[in-house]
Amino acid sequence: MRRHALASKRTDQANEGASRVFERKYGFNSVGLMGISVAVLMMVPVVITISIFYRHPQSDQSWGFAEARVLEGEPLKEDDPPISTNELKDKLYDGLLAAGLDDQSCISRYQSSLYRKSSSYKPSSYLLLRLRKYEALHKRCGPYTDSYNRTMEKLKAKQEIGPTDCNYLVWISFSGLGNRILTLTSAFLYALLTNRVLLVDRGRDMDDLFCEPFPKTSWLLPLDFPVNQFDKFDQKSPESYGNLLKNNLISSSTGSPSPFLYLHLVHDYDDNDKLFFCEQDQAVLQKSPWLIMKSDNYFVPSLFLIPSFSEELANLFPSKETVFHHLGRYLFHPSNAVWGLITRYHEAYLANADEKIGLQIRVFDTRPGPFKYVLDQILSCALKEKLLPEVNKQQAVVTLPGNRKLKAVLTVSLNSGYFEMIRDMYWEYPTATGEVIRVSQPSHEGYQQTANQIHNRKAWAEMYLLSLTDVLVTSSWSTFGYVAQGLGGMKPWILYKPENETAPDPPCRRVMSMEPCFHAPPYYDCKNKIGTDTGSIVPYVVHCEDISWGIKLVDRDEF
C-alpha cells in the first residue's frame, strides 16, 4: 500500500508538471483537459460496440448485443444500434427459424450456420408466416395447456370429444432413423395443412437426438398420454381408419365411433388405408380431433395430389423441390450430445479442406463385405464424374509447385472396408492432378442397430456431416442419403442398385431434385375410383431415379 501511495504521488506530480507545459504551449488549463478526458472516455464504449458488430462473421463470439436481444425475444429500443451485418439472417436461415429459444440448451440451433454454406433456396414469405402462426397455435394448444387438458379428460374416459378449438396429430416413432426423420417431416406438413398440433412420440431416443423446434413449448407427447400401446397398432386395430372403412363403421355422415383415429401409412398398408390420400376421406378425417399416425414413408408427394391442399402447398413452396430442405432445417436440430460429435469430427477432418466430398454407401447384400463390385461402382462414379482424381501408377512421386488443393473425402458406411481401400489407393499412389486426398470415416457399426441409442447418435451425426459436404454421392433406396442431400440442399450423384453382383454401367446419375423419394405411393385415382399411375398425373410429381415405382417432387410445370 505504501509503495502504491508513493507511486501515485509521483504520478500526480508528473501529471501536474505535464499539465503546466501543455497549458503554456496550447492555452488549455486543467479544467479543459478534464473535459477532453471525459469526452474520450465516453467514446470508448461506442468504439467497442462498433467493433463487436463488425467482427468476422464466422466467429461464434461475434454477436452484437442487439442481435443477442433479438434472439432472446426482447424488443429493441430506439437507442439500440442497428444490426448492420447478415449474421442474424444467416443464423436464422433467412427467417426460417424463430428467435427466442435458449441457445445453450440447443447449441446447434444458432451455431449450425457457421458450418454450412448459405442456401441458394430461400423460404417463401408465406411459409415464414405460416410457421410463425403454427408456433402460436402449438403454444396455445400444446401439452398441458387448458385446451389440451380439457380434451385429455374425454380421451381418458373414451368419450366422444366433439368439436374443439384445438385438433391434434400424434406421430408414432417407428422404423430406422432416416425413415423417422422423413415421416416426421411429412406428418408436420400434414399438420400444417390441416391446422393440427403435432405431438411426437419420443420412442427410445427422439428427445436424446433432437432439440425442441418450437419456442416456449414442447413437441414431445407427454408420458401420461392415455393411448400408449403404439407398438400394437396395425391395419386390424379397431381404431384404424382403413379397417373402419372396410367394415362400413365410419363415413362423412356417421362420424367416428372412436375418440381418436389411427392412420396406418406403413409400407404394408392396403387399399383402404391408402384412401387417406383422397379428397373425400380428408373431409371425414377433419372431423376427428385426434389422429394417431404410423408411417415409414416420405408421403409428401401424394399430399400434392390432394386438390384441397394444392393452392396452399403452391404458396408455401413455390419451388416444389424445397419441401424437405426447408422443413428439415426448421425441425431437426442436433441435441448438444450429437452436436459435439459433429463439430469435433468436422474440426479434426473436414474444416481446412478446399473441397469436401461425401460418400454414403449402403449395401443391401446381407453377406459380410466389403464387395469388390461395390467398390468398383463407387470409384467408377467418382472418377467418371471427376469428383475424385485419377491416380498415377507409373510414377512414385508427383510434385507440383505451390500449395496443392486438399480434398477431404467423408466416407459413411456400416463397413470400414470401402474407406480403407479408397484411403490406401490414394496413399500408395499420387494423384495425377497433384491434389492431396484425405479419406476418413467416423464409424463402422457393422450392421444397423435401430434400438441402440449410441448407434442412432452416430447415425444422426453422420447424416448431418454428409449434409455439410460440397459434393455428395449416395446409394439407391437409402433414406439416410435422402436426409443428407435435403438438409444440405444438394443434388447428389446416386449409385444405381447393383444386380447380379455386377457394377452397373453407367454406375450413377445426377438426381432430378433434392427431394426424397416416396417408396410406396398409392396407385389410385380417387376421383374416378380406378387404379392409375400417380407419377404421371401432374408434371411436378414424377417417378424416382432409384425406385421406378416410387414418386418424388421436381420443379417442373410441363411434361
(request) Taking only the range 334-352 into account, find how many residues are within 14 Å of ALA408 (Cα to Cα) and open to solvent by 20 Å² or more (accessible area, probe 1.4 Å). (result) 6
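Closer than 23 Å to MET490 by Cα and not polar (S, T, N, Q): which single residue out of VAL436, VAL473 fits that description? Can you show your working first?
Working: VAL436 fails: closer than 23 Å to MET490 by Cα.
It is VAL473.
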(request) Can you tell me which residue within the range 93-109, out of those that are open to solvent by 20 Å² or more (accessible area, probe 1.4 Å) and aliphatic (A, V, I, L, M), is modelled with the highest pLDDT? (result) ILE107
(request) Among what's in the range 534-554 and is free of Cβ contacts under 8 Å to residues at least 60 places away in the same chain and not in a loop (DSSP other than H, G, I, E, B), pick the residue that is nearest to SER310 (Cα to Cα). (result) VAL542
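Could you tell me whether any residue of the range 234-249 is within 27 Å of GLU312 (Cα to Cα) and part of a loop (DSSP other than H, G, I, E, B)? Can you show your working first?
Of the residues in the range 234-249, the ones within 27 Å of GLU312 (Cα to Cα) are 241-242.
Narrowing further to those that are part of a loop (DSSP other than H, G, I, E, B): none.
Scanning the range 234-249, I find no residue that is within 27 Å of GLU312 (Cα to Cα) and part of a loop (DSSP other than H, G, I, E, B), so the answer is no.
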(message) Contact list please: Cβ distance under 9 Å, first residue in the range 96-125 and closer than 20 Å to TRP339 by Cα and acidic (Asp, Glu), second residue in a loop (DSSP other than H, G, I, E, B) and open to solvent by 40 Å² or more (accessible area, probe 1.4 Å), pairs at least six apart or on different chains.
(response) ASP102/GLU72; ASP103/GLU72
(request) Could you please let me know if LEU131 is of a type in the set (A, V, I, L, M) and in a loop (DSSP other than H, G, I, E, B)? (result) no
(request) Quick one: count up the residues across the range 414-437 that are among the charged types (D, E, K, R) and more than 19 Å from LYS372 (Cβ to Cβ). (result) 1
(request) Among the residues of the range 413-436, count how many are open to solvent by 30 Å² or more (accessible area, probe 1.4 Å) and within 17 Å of LEU387 (Cβ to Cβ). (result) 8
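Specify the residue that is surrounded by the fewest Cβ atoms within 10 Å (Cβ to Cβ); the eligible residues are those in the range 281-305 that are of a type in the set (S, T, N, Q) and in a helix (DSSP H, G or I).
Of all residues in the range 281-305, those of a type in the set (S, T, N, Q) come to 282, 286, 288, 295, 297, 302.
Subsequent filtering for residues that are in a helix (DSSP H, G or I) retains 282, 302.
On the way: GLN282: 20, SER302: 22.
Per the stated criteria, the residue is GLN282.
Residue by residue, here is whether (1) surrounded by fewer than 17 Cβ atoms within 10 Å (Cβ to Cβ); (2) part of a loop (DSSP other than H, G, I, E, B) holds:
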position	(1), (2)
GLU462	no, no
GLN485	no, no
MET514	no, yes
PRO522	no, yes
ARG556	yes, yes
(request) Keeping to the range 229-264, report how many residues are touching a strand residue (DSSP E or B) at 6+ places or on another chain (Cβ under 7 Å), of a type outside the set (D, E, K, R), surrounded by fewer than 20 Cβ atoms within 10 Å (Cβ to Cβ) and without any contact (Cβ under 8 Å) to a residue 40 or more places away in the chain. (result) 2
(request) For the range 302-356, enumerate the residues that are farther than 26 Å from HIS455 by Cβ and among the small types (Gly, Ala, Ser). (result) SER302, SER308, SER310, ALA314, SER319, ALA353
(request) Please indicate, with yes or no, whether at least one residue in the range 306-325 is under 27 Å from VAL227 (Cα atoms) and either part of a helix (DSSP H, G or I) or open to solvent by 10 Å² or more (accessible area, probe 1.4 Å) (or both). (result) no
(request) Looking for whichever is touching a helix residue (DSSP H, G or I) at 6+ places or on another chain (Cβ under 7 Å) and within 23 Å of LEU350 (Cβ to Cβ) here; the options are THR433, THR411. Which one fits? (result) THR411
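Scanning for something open to solvent by 40 Å² or more (accessible area, probe 1.4 Å), basic (Lys, Arg), assigned to a helix (DSSP H, G or I) and closer than 30 Å to ASP90 by Cβ, does the range 366-384 turn up at least one residue? Spell out the reasoning first.
The initial filter retains those residues of the range 366-384 that are open to solvent by 40 Å² or more (accessible area, probe 1.4 Å), namely 366-368, 370, 372, 376, 380, 383-384.
Subsequent filtering for residues that are basic (Lys, Arg) retains 367, 372, 384.
Filter again for assigned to a helix (DSSP H, G or I), leaving 372, 384.
Those left that are additionally closer than 30 Å to ASP90 by Cβ: none.
Checking the range 366-384: not a single residue is open to solvent by 40 Å² or more (accessible area, probe 1.4 Å), basic (Lys, Arg), assigned to a helix (DSSP H, G or I) and closer than 30 Å to ASP90 by Cβ.
If you take the residues in the range 134-177 that are assigned to a helix (DSSP H, G or I) and among the hydroxyl-bearing types (Ser, Thr, Tyr), which one is surrounded by the most Cβ atoms within 10 Å (Cβ to Cβ)? Show your work before the answer.
Of the range 134-177, the ones assigned to a helix (DSSP H, G or I) are 134-141, 146-156, 177.
If we keep only those that are among the hydroxyl-bearing types (Ser, Thr, Tyr) too, we end up with 134, 147-148, 151.
Details: TYR134: 18, SER147: 16, TYR148: 19, THR151: 21.
Filtering the range 134-177 for residues that are assigned to a helix (DSSP H, G or I) and among the hydroxyl-bearing types (Ser, Thr, Tyr), the one surrounded by the most Cβ atoms within 10 Å (Cβ to Cβ) comes out as THR151.
Can you name every residue in the range 203-229 that is charged (D, E, K, R) and outside any loop (DSSP other than H, G, I, E, B)?
We begin by selecting, within the range 203-229, every residue charged (D, E, K, R); these are 204-205, 207-208, 212, 216, 224.
The answer is ASP207, ASP208.
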(message) I need the full set of residues from the range 211-228 which are closer than 30 Å to LEU97 by Cβ and in contact with a strand residue (DSSP E or B) (Cβ under 7 Å, 6 or more places away or on another chain), in order please.
(response) TRP219, LEU220, LEU221
(message) Step by step: first the residues of the range 440-452, then only those that are without any contact (Cβ under 8 Å) to a residue 60 or more places away in the chain and under 13 Å from GLN360 (Cα atoms), then the one that is surrounded by the most Cβ atoms within 10 Å (Cβ to Cβ). Which residue is that?
(response) GLN441
(message) Anything in the range 197-226 that is buried (at least 18 other Cβ atoms within 10 Å of the Cβ) and either more than 29 Å from the chain's Cα centre (by Cα) or of a type in the set (A, V, I, L, M, F, W, C) (or both)? List them, or say none.
(response) VAL197, LEU198, LEU199, VAL200, MET206, LEU209, PHE210, CYS211, PHE214, TRP219, LEU221
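The values are calculated or read from the model by the stated rules, or taken from the named source; none is laboratory data. Nothing here was measured: the structure is a model prediction, and the numbers come from that model. Glycine gets a Cβ as well: all are built from the backbone with ideal geometry, and neighbour counts include every protein chain shown. Ligands, DNA and RNA are excluded from the accessible area calculation, which covers all protein heavy atoms including side chains. Shrake-Rupley method; radii C 1.70, N 1.55, O 1.52, S 1.80 Å.
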